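Participant: The structure that follows is given in the form of structure tokens.
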Amino acid sequence: MANWNDPRTTRTPWGEPAASAGVVGAPRVGTVDQGLRSYMLSIYNYMTSGVLLTGIVALLFSSGGVNSPAAKVFLTGGPLAWILMLAPLAIVFAMSFGANRFARSTLQMLYWGFAVLMGLSLSTIFLVYTGGSIAATFFATAGAFAGLSLFGYTTKKDLSAFGTFLIMGVVGLIVASLINMFVQSPGLMWAISFLGVLIFAGLTAYDTQRLKVSYYTMRGTEWAGKMVVLGALSLYLDFINMFLFLLRFMGNQRS
């Protein structure tokens, strides 16, 4: 369990060199911070690459509008549409519950496969919304994500207490969304979207701080490499969900 009073997390700013505390064999704080920088940059690089790969796949799969492969698969329905929609969820469960057994290379392969499948699944947004509104929402989400992640990294406040509350909020969103599939209430849909933006905004800050703390407990172990991939998956999901909920407010539907 992370020790929030660990002086290595607060003694110096990120990347600033400092002398060790005089303990023989103790690592220099600057060295630890440099390792943390490399660790977090690796997570952000994986996450950003995954989001870009998803976007490219979605754009290509929806190319052609009503005559695109996406339209033929999702607008006509059928088992393939359900497979493409549910496969990413299956991979998330496999990565989460199989991380102990999987090698880092296996997790990497699953992550890239997940990003591709998400691109196929999300290709429908290009059939529903205009390209300009999708781009505007994407950049708005990117800006919000960067600010929230920076807050999560730099804040001295322990955000772990919010974790359970936010996860419960995600479960509530799923239940409410399932209910709204039957009742088709516009008011409930807007409420779900509003709460979805707030919940995944909070998760962005919380997950960033959680990943930062995980570095101090896992550095030098096999799990450190695995956490880069799993951490990228967490931030990817925060970004994509915040983007999709925000798109309901900012997206202009095609005529």
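Every number in this text was worked out from the coordinates using simple rules, so none of it is lab data. These numbers come from a predicted model, not from an experiment. Neighbour counts are summed over all protein chains in view; Cβ atoms, including those assigned to glycine, are modelled from backbone coordinates with ideal geometry.
Participant: Around Ala99, with a cut-off of 14 angstrom between Cβ atoms, what is the net charge of the other residues, counting Lys and Arg +1 and Asp and Glu -1?
Facilitator: Values: positive: Arg101, Arg104, Lys226; negative: Glu222.
Local net charge: +2.
Participant: In a GNM of the chain with a 10 Å cut-off on Cα contacts, which of Thr124, Thr54, Thr221 has the highest mean-square fluctuation?
Facilitator: Maximum among the listed residues: Thr221.
Participant: What is the percent of Cα-Cα separations in the chain that go past 22 Å? Numbers along the way, then the final one.
Facilitator: Details: 19578 of 32385 pairs.
Above the 22 Å cut-off, the chain has 60 percent of its Cα pairs.
Participant: Oh, and also: Around Tyr129, which amide H atoms from residues at least 5 apart in sequence, or from another chain, sit under 5 Å from its own amide H, with H modelled in the peptide plane?
Facilitator: The answer is Arg254.
Participant: Just to confirm the filter: which trypsin sites (Lys or Arg not before Pro) across region 58-115 are DSSP coil and have at most 15 other Cβ within 10 angstrom of their Cβ? Kindly include the intermediate steps, with their values, before the conclusion.
Facilitator: On the way: sites: Lys72, Arg101, Arg104; in loops: Arg101.
Answer in residue order: Arg101.
Participant: Now a separate question. Once the piece of chain linking Trp82 and Phe194 is laid out straight, how much longer is it, given 0.36 nm per residue of separation minus the C-alpha distance between them? Kindly include the intermediate steps, with their values, before the conclusion.
Facilitator: Numbers: separation 112, 0.36 × 112 = 40.32 nm, distance 2.65 nm.
Full extension from Trp82 to Phe194 adds 37.7 nm.
Participant: Taking 30 Å as R0, compute the FRET efficiency from the Cβ-Cβ separation of Arg219 and Phe139 and round it to 0.05. It would help to have the intermediate numbers written out before the result.
Facilitator: Working: r = 34 Å, r/R0 = 1.13.
With R0 = 30 Å, the Cβ-Cβ based efficiency is 0.30.
Participant: Right, another one. Okay, helix-only estimate at 222 nm for the chain: each DSSP H run of n ≥ 4 adds -39500 (n - 2.57), divide by all residues, round to 500 deg cm²/dmol; what do you get? Don't skip to the end; give the middle numbers.
Facilitator: Values: 8 runs with 185 residues, N = 255.
Mean residue ellipticity at 222 nm (helix-derived): -25500 deg cm²/dmol.
Participant: Each label point is 7 Å from the Cα along the Cα-to-Cβ direction; what then is the distance between the points at Leu41 and Phe165, in nm?
Facilitator: 3.5 nm
Participant: In addition: How big is the dipole moment of region 28-250 about its Cα centre under a simple scheme where the beta carbon of each Lys and Arg is +1, that of each Asp and Glu is -1, and everything else is neutral? Debye, nearest 20, please.
Facilitator: On the way: 12 positive and 5 negative charges, 76 e Å.
Using Cβ point charges on Lys, Arg, Asp and Glu, region 28-250 gives about 360 debye.
Participant: Moving to a separate point now. Would you mind calculating the gained length between Leu178 and Ala94 on full extension (0.36 nm times residue separation, minus the Cα-Cα distance), in nm to one decimal?
Facilitator: On the way: separation 84, 0.36 × 84 = 30.24 nm, distance 2.29 nm.
Separation in residues times 0.36 nm, less the Cα-Cα distance, equals 27.9 nm.
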